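Please treat every number below as a calculation from the coordinates, not as lab data. A quick note: this is a predicted structure, and the numbers were derived from the prediction, not measured. Heads up, the Cβs are rebuilt from the backbone with ideal geometry, glycines too, and the neighbour counts pull from every protein chain shown.
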Amino acid sequence: MLKLILSTFLLVFIAELGDKTQLTTMLLAAQNKSIWPVFLGASLALICSSLVGVFAGGVITKFVPPEVIQNCAAIAFILIGVLLLFGKI
C-alpha cells in the first residue's frame with residue numbers, strides 16, 4: 001500500500017512540474033499579496049481532478065482491460081505530440 005502511495009505521489013509530482021497548471025499558479029501567486037488562497041485553490045483543484053481520474057479509472061477498468069487503456073493513452077500522447085510538433089494544435 002505504501003509503495004503504491006509513494007509511486008503515485010512521485011509520478012504525479014513529476015508530471016505536474018513545469019506544466020501549465022504550475023505556471024498558472026505561479027502567475028496567480030505573483031499577482032496577489034497572499035499566496036495561501038492560491039495554494040488552497042490549486043490544491044483543491046488538483047484533489048478534485050485526481051478524484052475524478054481515480055473514480056473514472058475504477059469504472060473504466062471494469063469494462064476495459066488496463067493494457068488497452070495504457071495503449072490508448074500512449075497513442076493519444078504520441079498523437080498530441082506530433083500535432084504539437086507540426087503546429088496543428
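For region 61-69, check the following and say yes or no: at least one residue is surrounded by 11 or more Cβ atoms within 10 Å (Cβ to Cβ), of a type in the set (A, V, I, L, M, F, W, C) and closer than 19 Å to E16 by Cα. Checked region 61-69: no residue is surrounded by 11 or more Cβ atoms within 10 Å (Cβ to Cβ), of a type in the set (A, V, I, L, M, F, W, C) and closer than 19 Å to E16 by Cα.
What helices (runs of 4 or more DSSP H) lie completely within the chain and have 1 or more residues being in contact (Cβ under 8 Å) with a residue 24 or more places away in the chain? Fully inside the chain and qualifying: 2-16, 20-31, 36-60.
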